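A.B. asks: Here it is: the structure, laid out below.
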Amino acid sequence: MTRPRAEVLHAEALHKRYRSDGREVVAVGGVSLTLEAGEVLAFLGSNGAGKTTCIKMMSGLVRPDAGTVRVLGRDPHQDARALTQVGVVLEGTRNLYWRLTSQENLEYFGVLRGLSGRQARRRATVLLERFRLSDRARTQAQELSRGMQQKLSIAVGLVHEPRLLLLDEPTLGLDVEAAEEVKVLVRELASEGCAVLLTTHQLDVAQELAHRVCILHGGRVVAEGETQALLARFSAQRYVIQLEEPPSHARLQSLQSLGASAQGGEVTWPGPAEGLYGVLQALAPLPLLRVERDRADLTEVFLKVTRPEALPPERG
Amino acid sequence: MHGLFLAELRRSWALFRRYPGEVVTMLVSLVLVFLMLFWGVRYVAGPGSGALGDRLDGLIVGYFLWSVATLGLNGVGWAVQGEAAMGTLEQLFLSPFGPARVFLTRVAADLVVQLGVLLTVLGSILLITGRTLALSPGVVPVMVTVVLAAWGLGFALGGLALRLKRIPSLLQLSQYGLLFLVTTPWEDWGDTGRWVGAVAPLAPGAALLRGMMARGEPLELADFVIATLNGLAWLGLGLFLFHLAERHVRRGGGLAGY
Ligand SMILES: Nc1ncnc2c1ncn2[C@@H]1O[C@H](COP(=O)(O)OP(=O)(O)O)[C@@H](O)[C@H]1O
Ligand SMILES: [Mg+2]
């Protein structure tokens, strides 16, 4: 690791169970993680996996049954100063007053998060400009489009310049264009040094945005790692060789004797990597179009770690 | 804290003037209320005011007392309920000030807006009709003690609203309790009555106002101290109960309407 370590969030062994209708639900059963400045971490999990509960415990909103949270070394459940460093946009709840304008919302919530009136006004102007909402400064939140509302929500979450931003399902319910804008924003914020933790059940969002992914299932972390490493770890050992035209019958037989298979012009070698050269030799000197290692995408990783039994049978 | 108060004031004001139709309706009905008070129509002043004597200044003080006490009593409860319904409640829990201080400044700001409107309307009518009121300045601090106790009860109701999410009928019923507290003449009922009258929320302040307005008694320091202690004690108790409710919802995660 050459990146300078600047730990913004540290959560250790978080547990939370809820009682509802006399039943006990383990919402989160031991989640630990750290997040550094400039990093985007995606919490990936299906409905009920415990993502929102984790975010609420990290933001000081819900008290964990066990475990600790530190934001820049401070416990948000004990020390109100920690809250000045956290921005939260929760799913399903709002951080906007429908009847207040964009400007009024930003100014009000700025003060609520500990800014002075003047600081809040300045931040409101800056954020409206940055989120391209300046021409909507005097529009009531209820009259903005869904995408603009979401942008304003994120702006409100950022009004006090927190070092940690927690986003719960930030692209849910947005049209493609608005979702794209939100993604761009998240990338920018991270590049400016903000630590971002976002939850999503949309795998493509996680794959596009996150440096690291944490897959949550039944309140536990079932897989965690740098996005690329995780994809590589769960990728098959398989290689696909694309030929310009289908191999002759004789070549097919020698390929099959090596353990490779072919369909039309596409030859598949199930691995390992060293054996690939034997296959290429058997193909020489046919013109190749490409040689590629099969890559998993997060959907496959997700399915493998959350329900191995439901995985489709190996292709090829 | 000061900044938060200004922000709440701005928020109250922005919401107030956002709906000119509602503002006009409210101003017109206020003007009507005051005009009827001027003509001596007692019942419009709210059920509490008759006890403050039947002179104009008694009726008007009674009306003010009734307005600020009901707003104080219901303000936090309605706010919690409204924020829960809009989905913004959690944001107040994310503030470093914490929800109790936010709601306290909010009811204070709402009170300022409400008083501003009431006094403007009243002042204009006095100017136009050329009448004057003979009010002792002691009325104001006594009114403050009543407001403090009303806020205390309001926070207790607010705590209940936090846990139950919707308590509209309780909030409406609470006005009858308020009526009982403000109008019962404990001071006429011997020693026991005097004790109860000192301890019951809002009671000592209301009794003082009755003495001053209906019987023209001067404000005794000892009575005022009792009323102040009463107001502070009930406010403290209400904030404590609210705090317990806050802890409960943070534990049970019951903030988002589960
Ligand atoms: N306040 C609550 N009371 C009771 N059960 C809850 C509460 N909040 C969440 N749960 C339950 O805890 C589990 C995790 O929920 P949640 O954290 O919202 O998951 P996610 O955000 O990943 O969909 C679910 O089974 C949910 O029903
Ligand atoms: Mg969720």
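The values are calculated or read from the model by the stated rules, or taken from the named source; none is laboratory data. Bear in mind the structure is a predicted one, so any value in this text is a computation, not a measurement. So basically every Cβ, Gly included, is an ideal-geometry build from the backbone, and we count neighbours across all protein chains shown. Please note that ligands, DNA and RNA were not included when accessible areas were found on the heavy atoms of the full protein model with its side chains. Shrake-Rupley method; radii C 1.70, N 1.55, O 1.52, S 1.80 Å.
A.B. asks: Starting from residues that are within 21 Å of A:Val159 (Cβ to Cβ) and in contact (Cβ under 8 Å) with a residue 60 or more places away in the chain, keep the ones in segment A:57-77 and report whichever is nearest to the other protein chains (Cβ to nearest Cβ).
C.D. replies: Only one residue fits best here, namely A:Ser59.
A.B. asks: If we keep just the residues of segment B:7-22 that are more than 10 Å from chain A (Cβ to nearest Cβ) and small (Gly, Ala, Ser), which is nearest to the chain's Cα centre (by Cα)?
C.D. replies: For segment B:7-22, the residue satisfying everything is B:Ser12.
A.B. asks: Just to check your reading of the model, which residue among B:Leu92, B:Leu111, B:Leu73 is within 14 Å of chain A (Cβ to nearest Cβ) and over 27 Å from B:Arg215 (Cα atoms)?
C.D. replies: B:Leu92
A.B. asks: While we're looking at this one, here's another question. Those residues that are open to solvent by less than 50 Å² (accessible area, probe 1.4 Å), more than 16 Å from A:Ser235 (Cα to Cα) and aromatic (Phe, Trp, Tyr), I need them from segment A:266-289; list them, please.
C.D. replies: Across segment A:266-289, there are no qualifying residues.
A.B. asks: When you scan segment A:131-150, how many residues do you find that are away from every other protein chain (no Cβ under 14 Å) and either part of a loop (DSSP other than H, G, I, E, B) or under 14 Å from A:Gln103 (Cβ atoms) (or both)?
C.D. replies: Matching residues across segment A:131-150 total 9.
A.B. asks: Among (1) at negative phi; (2) away from ligand 1 (no atom under 16 Å from the Cβ), where does A:Ser59 come up short?
C.D. replies: (2)
A.B. asks: Among the residues of segment A:100-112, what is the count of those that are part of a helix (DSSP H, G or I), touching a residue at least 40 places away in the same chain (Cβ under 8 Å) and over 27 Å from the mean Cα position of the chain (by Cα)?
C.D. replies: Within segment A:100-112, residues that are part of a helix (DSSP H, G or I), touching a residue at least 40 places away in the same chain (Cβ under 8 Å) and over 27 Å from the mean Cα position of the chain (by Cα) number 2.
A.B. asks: Within the bounds of segment A:113-120, is there any residue that is under 28 Å from the mean Cα position of the chain (by Cα) and facing chain B (nearest Cβ under 9 Å)?
C.D. replies: Checked segment A:113-120: at least one residue is under 28 Å from the mean Cα position of the chain (by Cα) and facing chain B (nearest Cβ under 9 Å).
A.B. asks: Looking at segment B:179-199, I want the residues that are in contact (Cβ under 8 Å) with a residue 24 or more places away in the chain and have a partner that is open to solvent by 30 Å² or more (accessible area, probe 1.4 Å) with Cβ atoms under 6 Å, at least 6 apart or on another chain. Which pairs are those?
C.D. replies: B:Leu179/B:Pro47; B:Thr183/B:Ala51; B:Ala198/B:Ile226
A.B. asks: Same structure again: Please pick out the residue among A:Gly173, A:Gly147 that is open to solvent by 10 Å² or more (accessible area, probe 1.4 Å), within 16 Å of ligand 2 (Cβ to nearest atom) and assigned by TED's automatic domain parsing to the domain that holds A:Leu35.
C.D. replies: Exactly one residue qualifies, and that residue is A:Gly173.
A.B. asks: Sticking with this structure for a sec: Quick one: which residue in A:Val213, A:Val156, A:Val182, A:Val196 is part of a helix (DSSP H, G or I) and modelled with pLDDT of 90 or more?
C.D. replies: Only one candidate qualifies: A:Val156.
A.B. asks: Anything in segment A:224-254 that is surrounded by fewer than 15 Cβ atoms within 10 Å (Cβ to Cβ) and farther than 18 Å from A:Pro270 by Cβ? List them, or say none.
C.D. replies: Within segment A:224-254, A:Glu226, A:Gln228, A:Ala229, A:Glu244, A:Glu245, A:Ser248, A:His249, A:Ala250 meet the criteria.
A.B. asks: I would also like to ask the following. (1) closer than 27 Å to B:Ala85 by Cβ; (2) away from ligand 2 (no atom under 16 Å from the Cβ); (3) assigned to a loop (DSSP other than H, G, I, E, B): which one isn't true of A:Gly48, the others all being true?
C.D. replies: With (1) closer than 27 Å to B:Ala85 by Cβ; (2) away from ligand 2 (no atom under 16 Å from the Cβ); (3) assigned to a loop (DSSP other than H, G, I, E, B) applied to A:Gly48, the lone miss is (2).
A.B. asks: While we're here: Return the only residue of B:Leu208, B:Leu237 being away from ligand 2 (no atom under 16 Å from the Cβ), open to solvent by 50 Å² or more (accessible area, probe 1.4 Å) and at pLDDT 85 or above.
C.D. replies: B:Leu237
A.B. asks: Let me ask something else about it. Residues A:Ala37, A:Ala80, A:Ala6: which one is facing chain B (nearest Cβ under 10 Å), more than 16 Å from ligand 1 (Cβ to nearest atom) and under 18 Å from A:Pro162 (Cα atoms)?
C.D. replies: Within the list A:Ala37, A:Ala80, A:Ala6, the selection yields A:Ala80.
A.B. asks: In segment A:189-223, how many are within 16 Å of ligand 2 (Cβ to nearest atom) and open to solvent by less than 10 Å² (accessible area, probe 1.4 Å)?
C.D. replies: 10
A.B. asks: Continuing with the same structure: Looking only at segment A:1-56, filter to residues that are among the polar types (S, T, N, Q) and touching a residue at least 12 places away in the same chain (Cβ under 8 Å); which one of those is surrounded by the fewest Cβ atoms within 10 Å (Cβ to Cβ)?
C.D. replies: A:Asn47
A.B. asks: Next question, about the same structure. Can you tell me which of (1) away from ligand 1 (no atom under 16 Å from the Cβ); (2) open to solvent by 40 Å² or more (accessible area, probe 1.4 Å); (3) assigned to a loop (DSSP other than H, G, I, E, B) is the one A:Leu96 doesn't meet?
C.D. replies: In the conditions (1) away from ligand 1 (no atom under 16 Å from the Cβ); (2) open to solvent by 40 Å² or more (accessible area, probe 1.4 Å); (3) assigned to a loop (DSSP other than H, G, I, E, B), A:Leu96 misses (2) alone.
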